[in-house]
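Asker: Below are the structure tokens for one structure; questions will follow.
Every number here is computed from the coordinates shown, using simple stated rules; none is lab data. These numbers were taken from a predicted model, which means no experiment stands behind them. Glycine gets a Cβ as well: all are built from the backbone with ideal geometry, and neighbour counts include every protein chain shown.
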Amino acid sequence: MTESFRRSGEYPQGDDHGSAYPEQQSHPSSPVNPEWPPPPAYDPSGPVHVEPGTTVWPGSGSGHGGGDGGHGPGPYAGYGYPEPDPAGTTAAFATVAPGPSEPPAGASGKRRAKGPFALLAAVAIVAAAIGGGTAYAFQELTGNDTVATSSTTSANVVPTSQRGTVSGVAKAVSPSIVEIGATSNAGSSTGSGVIITTGGEIITNNHVISGASEIKVQLSDGKSYTATVVGTDSKKDLALIKLDNAPSGLKPATLGNSDGVQVGDQVVAIGSPEGLTGTVTSGIVSALDRDVTVSTDESQGQQQQQGGDSGQWPFEFGGRQFNGDTGSSTTTYKALQTDASLNPGNSGGALIDMNGNIVGINSAMYSAASDSSSSSSSAGSVGLGFAIPINTVKSDLADLRAGGSDN
């Protein structure tokens, strides 16, 4: 096609400096030069809105303007006319003032968010999706009886800067662990417990409070309160007690997911061995699903209390009895085994993952003193401890609140 434009300065000028093209003066809206190729024999397609303020009459999609993906401006650029399309169609562009009622295409009548706001919104949605699968709260009752739980073992109770450290776990979870003193006509014993609601509900072992006529609970700040038994389940060695006149500001623990625990995972144990409140030890999960057998006879708890605060609760494993005679009435449950140091008094305390979630309630530990002539429990832990999986606790919580299976 012969190009009909002239270079700058080559256009003829009249004496009155008028236009050299009178047809264009009489028809200022004419979109084409008479020497250009004729328009197509069919009507162009309807307008397509691409950005506010611009309307495009699409041609074949192969125009040669600056927006064609890198061909650069054509020979008609700068003269107010559109580029001719080699395919024989013309793309005409007209600027339209955007109005508030003219949303971008695909926005369904609502202006689409752009820039940093849209990016932040997307990040928030992703974070919410992840967080929603990491931590959630379920409520057995209402108000102060809400229990914080995690659907995985990755809910982050520990601050980011201290995550994965024993000190970080201890600082975050210690306020949720209490010391329990049980007194009966036979004597007294010491154990531990885990605060699970702001209303003062505490999970512990049944054998810690079995046969007790009075229960005292000492919080991590040293203040003591009396407590009442809500429900017991001797078959799972679990009990739920509640503080009388519970103070405000109690920090409940987050109950994790023991099904996600693996052998080799690092764990922290917090309890009151030998009455040493808030003792922290650490180790790993040594094994899963250990069949631990404990006594369900209340008299066994009274025998334990006769030993003062020694708290050597008898249990069976692998056909052998440890820490004394379990008696004739027993029950067996699947337990987590840990080498975190547990001693008498740790019973009812927490076994915690490195994100600060409770994954087990410590319930039994092997004491070397039971195999020696010494009656003292000062021989200490030998790295054989067992904990009731926290999922067992969560599944039993409603029954415990209703009085437990023993009532």
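Asker: Test of understanding: what is the full-extension gain from THR332 to ASN156, defined as 0.36 nm times their sequence separation minus their Cα-Cα distance? Each step should come with its number before you reach the end.
Answerer: On the way: separation 176, 0.36 × 176 = 63.36 nm, distance 3.23 nm.
So the chain would gain 60.1 nm between THR332 and ASN156.
Asker: Sticking with this structure for a sec: If amide H atoms are built 1.01 Å from N in the plane of the peptide, which residues on other chains or at least 5 residues away come under 5 Å of the amide H of SER367?
Answerer: HN-HN under 5 Å from SER367: ASN323.
Asker: Another question about this same structure. Suppose R0 equals 35 Å; then what is the FRET efficiency for GLU214 and SER167 from their Cβ-Cβ distance, rounded to the nearest 0.05?
Answerer: 0.50
Asker: Taking amide H positions as placed in the peptide plane 1.01 Å from N, state which residues far from VAL230 in sequence (5 or more) or on other chains have amide H under 5 Å from it.
Answerer: Amide H neighbours of VAL230: LEU240, ILE241, LYS242.
Asker: Which of the pairs LYS223/LYS334; LYS171/LYS334; LYS235/LYS394 have their Cα atoms more than 23 Å apart in this structure?
Answerer: LYS223/LYS334; LYS171/LYS334
Asker: Order these peptides, 395-401, 264-270, 243-249, by their mean beta-carbon neighbour count within 10 angstrom, highest first.
Answerer: On the way: 395-401: 17.3, 264-270: 20.7, 243-249: 12.3.
Descending mean neighbour count gives 264-270, 395-401, 243-249.
Asker: So between ASN144 and GLN321, what do we pick up on full extension, going 0.36 nm a residue minus the alpha carbon distance?
Answerer: This chain segment gains 59.6 nm when fully extended.
Asker: Amide H of SER188: which non-local residues (sequence gap of 5 or more, or other chain) have their own amide H closer than 5 Å, using H built in the peptide plane?
Answerer: GLY308
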